[in-house]
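The values are calculated or read from the model by the stated rules, or taken from the named source; none is laboratory data. Note that the structure is predicted; figures quoted are calculated from it, not measured. Because the Cβ atoms are built from the backbone with ideal geometry, glycine has one as well, and the counts that use them run over all protein chains shown.
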Amino acid sequence: MRQGDPNALGRLFTLVYDKLAEIAHTEGRRHPGAETLTTTGLVHEAFITLFGSESRDFNDRSHFMAVAATAMRRILIANARRRSAAKRGDGQRPATFEEVERALATEPGFVTAKADALLALDRALERLHGHSERHSRIVDCRFFGGMSIEETAAALGISPATVKRDWSMAQPWLHREIQKDLG
Amino acid sequence: MTRAGDSGPLDWRRLEAVWDAVRGLPPDERDAFFVSQALDGALRDELESLLHRASTAEGFFEQLSAVVPRSGEAMPDEGLDPDGPAGGSDASAGAYTDPLIGTTLAHYEIVGRLGQGGMGIVYRANDIRLRRTVALKLLRPRAADDLRAKDRLLVEARAAAALDHPNICTIYEVGETSERSAFIAMAFYLGETLEQILRRGPLPLATSLDYTTQIARGLGAAHDRGIIHRDVKPANVIVTSDGVAKLLDFGIARIPDVEISREGVTPGTIAYMSPEQVASRPLDQRTDLWSLGVVLYEMCTGERPFRADSAGAVLYAILDQSPTPASTIRGEVPTDIDSIIARLLAKAPERRYGNAEELISDLSGISETRQPAGRDTRPGANLITRASETDQDDATATLEPSSGPRRRRVRRAAWYGALALAAAIWPVVVELTQTGEPRPVATALSTAVPANRTQDSPLSARRLAAKDLHEQGMQDVLFRTDSGRRRSSDFFRQAIAADSTYAPAHASLALVRIAPGEHRRATVEDAEQSARTAIRLDSLHPLGHAALGRVLMFNYRFAEAETHLKRAVEIDPKTPLREFLISLYQVTDRPRDMLAEAKEFVANDPTSSIAIAERANGYLMNGRCSEALAELDRLGHMRPPRARAGNIAAQCHAVRKEWPQAIATMRRVADTNEQARGYLGFMLARGGERDSARAIRDTLLARHQRGVGTAWGLVVVHAGLGDLDAAFRWLESSYEDRSLRGDIMGPLFADLQRDPRFELLRRRLGIRK
């Protein structure tokens, strides 16, 4: 999966960074003033995760994309944790699954219930990882990385069919785990 | 409907293997499939559980994924920076009223919100005890919970408070209001951030260099104490109303060995980040120099060197791309500036300047080398152009070439002398100020041979003596007075006596001979003679041609004058003597030629604010007042030529009948010279304050009767009052006393121009319809 073309790295770099930026920017937009991290800070947190280590070979596309997706997950989760913690500080319990479903159906913004769902998802993904690293990485790419089936397949060096199959199985599996978790 | 309570030991591999087959089956065929595959127990429960919720789960994740933005959503670069005081992303700030406003914190009464920085909100507050306005930086409400953020704020304050430097924002006090929150009281400066200034477009080059030098000085002081700013960007520079750049917000400043911003908050705004910041490598002071390079580039071109549609592309460019040279974007940027920028924006820190001092030295080098006059030819010369562009008191602070104290003192003297000379010998068409408002004639005197010719000149003892005497003539600080001018003439004569072949001495003598008080008929003829001698001695020296051109203009022999002035410009296209040609076009009512020449002036000397002011004047003379004002607006950020720029701006407002602005603008510069008062009188008369206008008229009349002052101011004030008879009478006098100005051809004097008597003036000036 190595890309010899130096421009490919530039494009890839841009793609990944911008995805990170989008996330952070959207976060910032959804609840302005509520963040201890600035948007720029969020992006760079992820960015440094990606590029800070010298051992990484950025010409390795699959590695790069996978790391990017995981970094994005980390950002979102960290963000959700802050949000949830802030609420819990007010004496609120994490949302129940039912509340999450209601929030998803009725609340357009990034409400605390969704943060709680993300945290539950993160925990479920840890367990999924215990069963199959490939499944969890596919979820990272598809859900957190916003990557298509083909992008995910290319990033992980597997066939699109495998991505499709694993993704279709991971979703109900995680859904169930989240429901169990939140109660 | 089993909810697999405990997943238990599950054959994941098996589950995976059959999943693909079973998920494609219609629900009523699944049972048969399970039986055929001998799937039972936990595995079958698991499969059923997953199948049951497959579509629900898909919907769930699709909805949940709305919190994860997908590519394709616009990601404006600006939006990435919520830190700027006026950053657009802080829209919520305006939407709610800050509860802190109106409250008192310690001994600070919070009166308003100024902006939002990386780690705190900045308020405008009154110090109740000391009765002064301060900028008060508080932790953001949320961040107040974050002790790390507080510590960081305190480190910032301690770092910056330790710095006492004119180009660094002054910290008054660091305080804690409670265990969890802290504040910093800083000086409140009237002015604009460089970011706000840049929103209006690029800056004049001299201003860009000036600000860069000032910022570099502030950084140098911080670096000397081991403090790196790490967030140098236009939003962090305030330019006070008197043109001093102050570096703000050592918000992420770092004292060596105290690592505070490793995690969480990442320093810098993307566009100004150095490659080592982007890559999260160790930083030293050279990261600030990179950022300053970005700022310099932006000031010169109005664009950022690393710009792209997306933040990622910007970062990639920082790491990997070379910016388009500034001179490509803005033609007038000299390659010297390109080189400095290239050095600042070297990807590898070790290829940049080692410290701010080296940069400052190169910046001042530009100021010097950009002048056509070699320093060795006339020590004062380099400063003259600067002087004419910069208020006297500030010139040395910003643009004085680095040199030893003694030399500096000498040059300063030289420079004042040259200013005085400039003021004194500027008799005819163009503005002459009584107070020494610098005008381009000063630069004319500074113009010397192109550098390559200097070497050719025989540097004999006689020549050196002549040069020295010539310089002394220029340095005479008493030059503004009659006696001073005589002394100066004496020096020029002595220079000629020492080396009669030294052309510049003849040319300077020519110019001094047409100075006020000197220009009796005989001396004017002598002046022409001297200028011709200068040309004869060195026909390739622009000063001789320029001097002759001026003398001929003095005698209203414009056609011949034009030939010589063009020759001077041809010899040295960079010469500030081009100014003469511009004024010639102005007074002979050739506004288009004038504007073209003014544009050429700017193109050849982009750092000259005088050139820019002339271009504005060119627009004015073509009736393009809004363009003129836009031009002057940019000039507003540089100090000089204040009276000139103010006068042009006031005329523009007057043409647009914006009397209050016209009056206010003119008032600000009316003290600079006697003629400016005439203009103020004009504005007042038209703006409805006729009594004030008449008072000015009377003052000018009294002065004229006492034999001081010229007729021009009286032309202007009478024109304003609508007393055309008097205006034409004084116009006659101004033609005689050579105080007539090219403005007469501009839109301000439309009333006069419509009068049949104006045709007489045109004819006398040799202008054909």
> Based on what the data block shows, is B:R44 out of contact with any Lys or Arg (no Cβ under 8 Å at 6 or more places or on another chain), within 30 Å of A:E98 (Cα to Cα) and at pLDDT below 75?
Replying inline: no
>> Residue pairs, Cβ under 6 Å, 6 or more apart or interchain, first in region B:195-212 and in contact (Cβ under 8 Å) with a residue 12 or more places away in the chain, second among the small types (G, A, S). List them.
In response: B:E195/B:G84; B:E195/B:A235; B:G201/B:G302; B:P202/B:G302; B:P204/B:S609; B:A206/B:S609; B:Y211/B:A245
> B:V708 fails exactly one of the following numbered conditions: (1) crowded, with 16+ Cβ neighbours inside 10 Å; (2) under 38 Å from the mean Cα position of the chain (by Cα); (3) within 27 Å of B:V524 (Cα to Cα); (4) hydrophobic (A, V, I, L, M, F, W, C). What is the number of that condition?
Replying inline: (1)
> If B:S327 passes every condition in (1) assigned to a helix (DSSP H, G or I); (2) over 24 Å from B:L248 (Cβ atoms); (3) among the polar types (S, T, N, Q); (4) more than 18 Å from the chain's Cα centre (by Cα) but one, which one does it miss?
Replying inline: (4)
> Hey, does region B:663-675 have a residue that's surrounded by 23 or more Cβ atoms within 10 Å (Cβ to Cβ), among the hydroxyl-bearing types (S, T, Y) and touching a residue at least 24 places away in the same chain (Cβ under 8 Å)?
Replying inline: no
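Those residues that are among the acidic types (D, E) and within 9 Å of chain B (Cβ to nearest Cβ), I need them from region A:153-183; list them, please.
First, pick out the residues of region A:153-183 that are among the acidic types (D, E): A:166, A:177, A:181.
Scanning region A:153-183 gives A:D166, A:E177.
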> What is the residue count in region A:125-149 for residues that are within 12 Å of another protein chain (Cβ to nearest Cβ) and either in a loop (DSSP other than H, G, I, E, B) or of a type in the set (K, R) (or both)?
Replying inline: 8
> Out of all the residues in region A:104-124, is one or more out of contact with any Lys or Arg (no Cβ under 9 Å at 6 or more places or on another chain), farther than 30 Å from B:A17 by Cβ and more than 10 Å from chain B (Cβ to nearest Cβ)?
Replying inline: yes
>> Restricting to region A:105-137, count the residues that are farther than 30 Å from B:R14 by Cβ, polar (S, T, N, Q) and surrounded by 15 or more Cβ atoms within 10 Å (Cβ to Cβ).
In response: 1
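Which one of these is out of contact with any Asp or Glu (no Cβ under 9 Å at 6 or more places or on another chain) and either surrounded by fewer than 16 Cβ atoms within 10 Å (Cβ to Cβ) or touching a residue at least 12 places away in the same chain (Cβ under 8 Å) (or both): B:D755, B:D743?
On the way: B:D743 fails: out of contact with any Asp or Glu (no Cβ under 9 Å at 6 or more places or on another chain).
Among B:D755, B:D743, only B:D755 is out of contact with any Asp or Glu (no Cβ under 9 Å at 6 or more places or on another chain) and either surrounded by fewer than 16 Cβ atoms within 10 Å (Cβ to Cβ) or touching a residue at least 12 places away in the same chain (Cβ under 8 Å) (or both).
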> Residues of region B:51-84 being modelled with pLDDT of 80 or more and either at the interface with chain A (Cβ under 7 Å from one of its Cβ atoms) or farther than 22 Å from A:M147 by Cα (or both), which ones?
Replying inline: B:L51, B:H52, B:R53, B:A54, B:T56, B:A57, B:E58, B:F60, B:F61, B:Q63, B:L64, B:S65
